[in-house]
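The values are calculated or read from the model by the stated rules, or taken from the named source; none is laboratory data. Predicted model, so just to flag it, every value in this text is computed and none were measured. Cβ sites come from the backbone with ideal geometry, for glycine too, and all protein chains shown count toward neighbours. Heads up: the accessible areas ignore ligands, DNA and RNA and are worked out on the full protein's heavy atoms, side chains in. Shrake-Rupley method; radii C 1.70, N 1.55, O 1.52, S 1.80 Å.
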Amino acid sequence: MDRTVVLITGCSSGIGLHLALRLASDPSHSFKVYATLRDLSTQGPLWEAAQSQGCPPGSLETLQLDVQDADSVAAARARVTEGRVDVLVCNAGRGLLGPLEEHSEDDVGSVLDVNVVGTVRMLQAFLPDMKRRRSGRILVTGSMGGLMGLPFNAVYCASKFAIEGLCESLAVLLLPFGVHLSLIECGPVRTAFQEKVQHGPGVALDGVDTQTRDLFSHFQRHLEQVFCRTAQDPEDVTEVFLTALRAPRPALRYYSSDRLLPLVQLRLADPSGCSYVAAMHRAVFSDEPVESRDSAPKESGSGELAGPELDTPPGAPQ
Ligand SMILES: NC(=O)c1ccc[n+]([C@@H]2O[C@H](COP(=O)([O-])OP(=O)(O)OC[C@H]3O[C@@H](n4cnc5c(N)ncnc54)[C@H](OP(=O)(O)O)[C@@H]3O)[C@@H](O)[C@H]2O)c1
C-alpha cells in the first residue's frame, strides 16, 4: 500500500520537529515524512531524536526549504520522489514581540513574509496538484494570536489573523475539490519559539515612553507566569494534528486546548469588541497574580466568559 506522503515546514525544532517524528515513528508505518528546514545545518536534533525514537529507515527525509524563497520551495517539491504530497503542513513561523514603535520595517516585513507570504508560497506550490488529483490535506499551524489581539504582539497577531482569512477563504473554495484544509489553533507551547522571537526579553526600549515600557515589563512577567502555568508540550499538540489528519471530514479549525474557547466566544459574543478589549486588558495588566484571579468576580460587561478560563491564557503571544 502506498504510504501517505507528508511534507512539513519548520522542522528544526518545536512543533514541526515533533510532528515529523510522531508521523515517521507511527506504528502503522504508513507515513513517509519530508521534514523541511530553512537551514540543513540545524537538522542534528531531528536526527538524534529520530534515532532515539526508532523511526524506521526510509520513514523520514530532510529537505532544505526556506518559505521566504520561492526557488527553495520549488526545489524541495521537485525532490519529493513520490511525485506527490498527500499532506502539506505549513508550520514555519516566527514571532515579534515588543512595542510597535520599536519594530524596524525589516523586522515587520520579515515576520509577515515568513508567516503570511511564506504560507502563500507553500500553498501556491502544492495546492494545484492536490486540486488536480482531487485529493490532499493541508494543515496549518494557527495560533490564539490569530483569533484575538494580544498586547505587544500586534505584528505577530496581524500575521496570524491574515492566516485565518487565507485559510478560511480557501476552505470555502476547496469543498468540491476533495482537498481539506485545517487550522490547528495552538495556545502556548513549550518550544524554542520564545527564544527565537525577535525582541524578546532584554530588548532596548530607548525610544519608548515610560508608561509603555512599564506595561511591557508587566506583560513580560505575566507571559512568564502564563507559560509556566498553561503551556503544552509539543508532543501533546502533535496529537491534534493527527486528529485532523485522520478525520474523514476534517473541520476547518481544531484547538490544542479548550482553554482558548471562552476567549474566542467572548470576542464573538460582543461584536463591538469592547468586552474583549476590557477583559484582556484586565487579565494581562491587572496587578493581581494570575493564581489569585481564578476566584475573581466577573468583569461587568464581559458576561459568563470573564471567569477563570479567561485569566489563564490571554497573555501568551502565540
Ligand atoms: N510555541 C508556541 O507557543 C506557539 C503557539 C501557537 C502557534 N505557534 C506556531 O507554531 C509554529 C511553529 O513554532 P514553534 O512553537 O514550534 O517554534 P520554533 O521551535 O521556533 O519553530 C519554528 C520553526 O519555523 C522555522 N522557520 C522560521 N523561519 C523560516 C523560514 N523562512 N523558512 C522555513 N522555516 C522557517 C524555524 O526554523 P529556524 O530554526 O531555522 O529559525 C523553526 O524550525 C509557528 O508557526 C508558530 O507561530 C507556536
Of the residues Val116, Val140, Val73, Val80, which single one is away from the ligand (no atom under 14 Å from the Cβ) and in the same structural domain as Cys167 (by TED's automatic domain parsing)? Val80
For segment 96-108, does any single residue satisfy the condition of being closer than 19 Å to Val5 by Cβ and not aliphatic (A, V, I, L, M)? no
Since Ala78 meets every condition but one in (1) of a type in the set (A, V, I, L, M, F, W, C); (2) under 19 Å from Leu183 (Cα atoms); (3) out of contact with any Leu (no Cβ under 7 Å at 6 or more places or on another chain), which condition does it not meet? (2)
Look at Lys160 and say whether it is out of contact with any helix residue (DSSP H, G or I) (no Cβ under 7 Å at 6 or more places or on another chain) and within 16 Å of the ligand (Cβ to nearest atom). no
Qualifying position, being small (Gly, Ala, Ser) and surrounded by fewer than 19 Cβ atoms within 10 Å (Cβ to Cβ), among Ser159, Ser217: Ser217
Could you tell me whether any residue of segment 71-80 is among the acidic types (Asp, Glu) and open to solvent by 20 Å² or more (accessible area, probe 1.4 Å)? yes
Meets criteria (touching a Leu at 6+ places or on another chain (Cβ under 6 Å), touching a residue at least 12 places away in the same chain (Cβ under 8 Å) and not β-branched (Val, Ile, Thr)) for Arg253: yes
From the set of residues in segment 83-109 that are farther than 30 Å from Asp206 by Cβ and not hydrophobic (A, V, I, L, M, F, W, C), which is nearest to the ligand (Cβ to nearest atom)? Asn91
Take the residues in segment 25-52 that are among the aromatic types (Phe, Trp, Tyr) and within 15 Å of the ligand (Cβ to nearest atom), then tell me which one is least open to solvent (accessible area, probe 1.4 Å). Tyr34
